[in-house]
1. Within 12 Å, Cβ to Cβ, of T191, how many net charges do the neighbouring residues add up to if Lys/Arg are +1 and Asp/Glu are -1?
2. Angle check, please: helix 56-70 long axis (alpha carbons) against the longest principal axis of the chain (alpha carbons), in degrees 0 to 90, nearest 10.
3. Which value in nm describes the separation of the simple spin-label points at K163 and K251, placed 7 Å from the Cα toward the beta carbon?
4. Rounded to a whole number, what is D in µm²/s for segment 41-87 from Stokes-Einstein with the Kirkwood radius over alpha-carbon pairs (4 °C, 1.567 mPa s)?
5. Would you kindly give the portion of the calculated P(r) for segment 96-155 that falls above 16 Å, as a percent of all Cα pairs?
6. What is the Cα radius of gyration of segment 1-128 over 2.2 N^0.38 Å, N being its residue count?
7. Is segment 143-277 rounded, prolate or oblate when judged by the Cα gyration tensor, a ≥ b ≥ c being the square roots of its eigenvalues, rounded requiring a/c under 1.5 and prolate requiring a/b larger than b/c?
8. Run the Debye formula on the Cα coordinates of segment 217-300, all scatterers equal and no solvent, and tell me log10 I(q)/I(0) at q = 0.15, 0.18 1/Å.
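The values are calculated or read from the model by the stated rules, or taken from the named source; none is laboratory data. Keep in mind it's a predicted model, so treat the numbers as computed, not measured. Heads up, the Cβs are rebuilt from the backbone with ideal geometry, glycines too, and the neighbour counts pull from every protein chain shown. Each accessible area value is taken on the protein alone, full model and side chains, heavy atoms only, with ligands, DNA and RNA left out. Shrake-Rupley method; radii C 1.70, N 1.55, O 1.52, S 1.80 Å.
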Amino acid sequence: MKMSEFFNSKELLIDGITKLRLSKIPTPEIDARILLSYVINYQNTIYMHNNITISKEEKNKFYDCLSKRIKGKPISRIIGSRNFWKNNFLINKYTLDPRADSEVIVDIVTKTYSNSSNYFQILDLGSGSGCIGLSIIDDLKNASLLSLDICRQALEQVNINAKRLSLSKQIHCAQIDWFENTWIRNIKLITKNEKLFSKNKFDIIVCNPPYIKSSDIEKLQNEVKKYDPLISLDGGIDGCDSYRAILKGLKELLSIKGLCYMEIGYDLLEDIKNILKEFNLNLINVYKDFQGHSRVIEIN
């Protein structure tokens, strides 16, 4: 191969940053580094002082990634992964892109239960990539996890991530729709037949349901509405469809001292309080996200 077919990483970075900046991409330096690291399969982030030789094929792939980013595709969707909590999670087009706001649930649960010697049976409703449930059992260790999602391709991603984190022996995945009348009965059949579970109720339930009002979907950023699955975003007319479906049957799934942690839309708290009253559930606590919005409710 001729020397002209090799390129310097610093020169490509400078050019990539310039192109992203001219296209008004918010974080051009970080994005260019991530994309160049990705295309050459470099384990660390590439910086200007690195002097790495890049092949023509890698250069072409880098510019292809830059083009996708300039058109608005999120970095995580281009590289197929997102850092969440303490690990990197692979995602696909059927899974919600993990957000820092959802780490609030993981933070609360791990702080609450990490010093306990008890064994916890955990249910993750609407698991997506598995980032919430897997992050929790990776920290707690003494736990089994049932991950549920309506989408088979999302559950395939959960299993891939569980394998990468060496958690496959602690997890069972199942395709279940909480809008179906039989969804709780189906969960109890799983806990009865799977050796991983010793009872048909759960000590910890975590859930990040769709909660965007249908009329607000079109107002979302392109990075969200074009690339996140609609089923993971659309919460119905008032944003509360999934809360009603889940909370209606929650008592049948929670153990006596069990607690449920649900992510909520920052403007839905009062509506959800009314749903909790309707189904005779107790609001134990409301936790804020990093922006100070009400983000996670703790209920039993």
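1. That works out to +4.
2. 50 degrees
3. 4.2 nm
4. 103 µm²/s
5. Considering segment 96-155, 42 percent of its Cα-Cα pairs are separated by more than 16 Å.
6. After normalising by residue count via 2.2 N^0.38 Å, the value is 1.35.
7. Here segment 143-277 falls in the oblate category.
8. The Cα Debye sum returns log10 ratios of -0.61, -0.84.
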